[in-house]
Amino acid sequence: MYGYIQLLRPKNCLMAILSIIAVSLVAAKLDLYSIPLIEVLAASLVVFMFTGAGNTLNDYLDRNIDRKNHPERPIPAGKVKPRNAAAFSGILFIAAIILGLWLSLYCMLIILINLAIMLAYEFKTKSMGLSGNIMISWLTASLFLFGGLAVLEKFPEIMVPVLFMFLLSFFATLGREIAKDIQDMAGDEGRKTLPMKIGKKRAGYVASIAFLIGIGLSPLPYILGIFGFFFLVTVLFSDAIFIYAAFILSRNAEKTSESAKLAMFAALLAFLLGVI
């Protein structure tokens, strides 16, 4: 049983749930008593199962590589048979789709779209450069869309702030994913990542452009009156970290990735403070 739990990578699943919780708090303006608890719990369970299914699928497809690089993982360690891991992943995906349909047709459609993108990524575009980075960025940012759709019936106005949460998450993740590919260039022989295709320097420019687009969009929720003053102050702090990340990218891609992660947490905090 422990091997199956390891396949899920629970920490990653719980991190994904943070997006759902953040959207529900923004929708309710931090009023815990007005949060539709059943819908939020159901959406969180869907995200947990879908993320766990994706992690399990990844371990199944990479089982031969993991025998050398990660022999401690459940499949190469013999804790879970490959066919059982594949079945486990399929069951989790199906359960997520069914529960998503219970939430709403829109939620189910997001799940189906993300499933198609995830399968395309795992089987085709994982090592194909920018397209793979874009897919990961969509999968990450779409968690906010899913959270918004889950509480849409009670909070029909939530999709406007969610759109900005989605956009900022998308460009921040895109920049960070490219930075991670730059960081991993030495071990990526045979892969067609963006840095391997166009070089470290040009890939760094693309990552910096992604960060800068996110920075350029970040004040708009305040300017449009969607979020308040505390949002502006906190998001400017986040922007400063992103600017630093872009500035050091050519010299230290690892530091850039870590800084971008910190900036993303600061941006998430900005959305929460923005409803005060």
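No value in this document is a laboratory result; all are computed from the given coordinates. Please read these numbers as outputs of a predicted model, since none were measured by experiment. Quick reminder, even Gly has a Cβ in these numbers, built from the backbone with ideal geometry, and neighbours come from all protein chains shown.
Considering only Phe265, Ile198, Ile65, and ranking their Cα positions along the charge dipole of the chain that arises from unit charges at the beta-carbon of Lys, Arg, Asp and Glu, the one farthest toward the positive end is Ile65.
Charges at C-beta only: +1 for Lys and Arg, -1 for Asp and Glu. How large is the resulting dipole of the chain about its Cα centre, in Debye rounded to 20?
Computed about the Cα centre, the dipole is about 880 debye.
The share of alpha-carbon pairs in the chain lying farther apart than 22 Å comes to 59%.
From Cα pairs below 8 angstrom and at least 6 apart in sequence, can you work out the relative contact order of the chain, rounded to a whole percent? Normalised by residue count, the contact order of the chain is 18 percent.
Quick one, could you list the DSSP H helices from the chain stretching 24 Å or more along their long axis (Cα atoms) with average Kyte-Doolittle hydropathy of 0.0 or above? What comes out of the filter, once short or polar helices are dropped, is 10-27, 37-61, 82-103, 130-150, 159-183, 200-217, 229-248, 253-273. Fully extending the segment from Lys192 to Tyr2, taken as 0.36 nm per residue of separation minus the present Cα-Cα distance, adds 64.9 nm. Across the chain, the longest run free of exposed loop sites, meaning GluC sites (Glu not before Pro) lying outside DSSP classes H, G, I, E and B with no more than 16 other Cβ atoms within 10 Å, spans 190-276. In straight-distance terms, cross-link reach from Lys11 covers every one of the lysines whose alpha-carbon lies under 26 Å from its own, apart from those fewer than eight places away in the same chain; here that gives Lys68, Lys79, Lys81, Lys126, Lys180, Lys255, Lys261.
The alpha carbons of the stretch 150-276 give a radius of gyration and a Dmax of 16.1, 50 Å, in that order. Taking 20 °C and 1.002 mPa s as the conditions, I'd like the Stokes-Einstein D for the stretch 1-156 in µm²/s, using the Kirkwood hydrodynamic radius from alpha carbon pairs. Using the Kirkwood radius from Cα pairs, D works out to 132 µm²/s. Here the label points at Ile243 and Ile276, each 7 Å from Cα along the C-beta direction, are separated by 2.3 nm in the simple model.
Charged side chains reduced to their Cβ positions (Lys and Arg at +1, Asp and Glu at -1) give the stretch 174-276 a dipole of some 300 debye around its Cα centre.
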